[in-house]
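Below is one structure, written out as structure tokens; the observations come after it.
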Amino acid sequence: MTELEKYEDLIARVPYLILPEDQLISNLSNFTAVLKEFFPKISWVGFYIFNGQKLFLGPFQGKIACTSIEIGSGVCGTSAQRNETIIVEDVEKFPGHIACDPESRSEIVVPVSYPDGRLFGVLDLDSTELGSFNLTDKKYLEKLIDYIEKNILPHSSRLWHS
Ligand code: SME
């Protein structure tokens with residue numbers, strides 16, 4: 001399968017894998033797992049969640065990572081501040097990049113918002129190869145995050161629901 005076909009497959013599967021009635025933490029955990037399983041180029045994938053002050057480490061797949069990131073700091077904090085997806089072809093060329101994993105070479109960060117526009121956090125994907133992420137990744141990751149924003153976050157104003 002090409003990456004494009006994999007993304008199309010994921011878009012079709014996600015509504016059956018990620019269910020509004022399940023807990024947010026469970027959904028976000030499975031979401032990172034399915035991305036890691038589908039795309040071998042991903043060395044680390046995870047959420048950083050905004051607590052009103054800064055971003056803190058959420059569900060992820062990969063090596064141990066930084067537990068908190070200031071808004072405006074690194075790629076994650078910059079994406080959260082600008083509320084836009086950032087593709088970094090070479091992390092050494094991104095001023096202020098936070099090297100949680102010294103082997104990380106490129107990344108993409110997609111912001112995630114609640115339905116009312118408030119920041120929920122960001123989705124961060126890293127690779128140990130240069131230039132791993134492109135506009136196809138951006139398009140499909142934003143579509144997948146759109147599903148989370150429209151179908152999961154409206155039921156998850158708190159981390160847990162009963
Ligand atoms: N790459 C991030 C830091 C988080 S780790 O890569 C998991 C950044 O510069 O924002």
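The values are calculated or read from the model by the stated rules, or taken from the named source; none is laboratory data. The model shown is predicted, which means the values in this text are computed figures rather than measured ones. We place every Cβ from the backbone using ideal geometry, glycine too, and count neighbours over all the protein chains shown. Heads up: the accessible areas ignore ligands, DNA and RNA and are worked out on the full protein's heavy atoms, side chains in. Shrake-Rupley method; radii C 1.70, N 1.55, O 1.52, S 1.80 Å.
Taking the criterion of being within 16 Å of the ligand (Cβ to nearest atom), within 15 Å of the chain's Cα centre (by Cα) and among the hydroxyl-bearing types (Ser, Thr, Tyr), would at least one residue in the stretch 69-79 satisfy it? Looking for residues that are within 16 Å of the ligand (Cβ to nearest atom), within 15 Å of the chain's Cα centre (by Cα) and among the hydroxyl-bearing types (Ser, Thr, Tyr), one finds at least one in the stretch 69-79, hence yes. What tally of residues in the stretch 3-19 results from selecting those that are open to solvent by less than 40 Å² (accessible area, probe 1.4 Å) and either in contact with a strand residue (DSSP E or B) (Cβ under 9 Å, 6 or more places away or on another chain) or assigned to a loop (DSSP other than H, G, I, E, B) (or both)? So the count comes out to 1. In the set (1) open to solvent by 60 Å² or more (accessible area, probe 1.4 Å); (2) under 20 Å from ASN30 (Cβ atoms); (3) assigned to a helix (DSSP H, G or I), PHE60 fails one condition alone, (3).
Flag: LYS138 matches the condition of being in contact (Cβ under 8 Å) with a residue 12 or more places away in the chain, more than 10 Å from the ligand (Cβ to nearest atom), open to solvent by 10 Å² or more (accessible area, probe 1.4 Å) and among the charged types (D, E, K, R).
The single condition among (1) modelled with pLDDT of 95 or more; (2) more than 8 Å from the ligand (Cβ to nearest atom); (3) farther than 24 Å from THR136 by Cα that ALA65 does not satisfy is (2). Filtered by the rule that a residue be under 17 Å from GLN53 (Cβ atoms) and part of a loop (DSSP other than H, G, I, E, B), the stretch 106-125 gives TYR114, ARG118.
Filtering the stretch 26-48 to residues that are open to solvent by 10 Å² or more (accessible area, probe 1.4 Å) and within 24 Å of ILE71 (Cα to Cα) leaves SER29, SER43, TRP44. Can you confirm whether the stretch 76-85 contains a residue that is open to solvent by 50 Å² or more (accessible area, probe 1.4 Å), under 19 Å from ALA33 (Cα atoms) and not in a strand (DSSP E or B)? No, the conditions are met nowhere in the stretch 76-85.
All of PHE94, PHE120 fail the test of being open to solvent by 10 Å² or more (accessible area, probe 1.4 Å) and not small (Gly, Ala, Ser), apart from PHE94. Of all the criteria given as (1) out of contact with any Gly (no Cβ under 6 Å at 6 or more places or on another chain); (2) outside any helix (DSSP H, G or I); (3) within 11 Å of the ligand (Cβ to nearest atom); (4) open to solvent by less than 70 Å² (accessible area, probe 1.4 Å), the one not satisfied by GLU103 is (4). Taking every residue in the stretch 77-101 that is farther than 16 Å from LEU57 by Cα and pairing it with any residue that is basic (Lys, Arg) and part of a helix (DSSP H, G or I), at least 6 positions away or on another chain, the pairs with Cβ-Cβ distances below 8 Å are THR85/LYS138; ILE87/LYS138.
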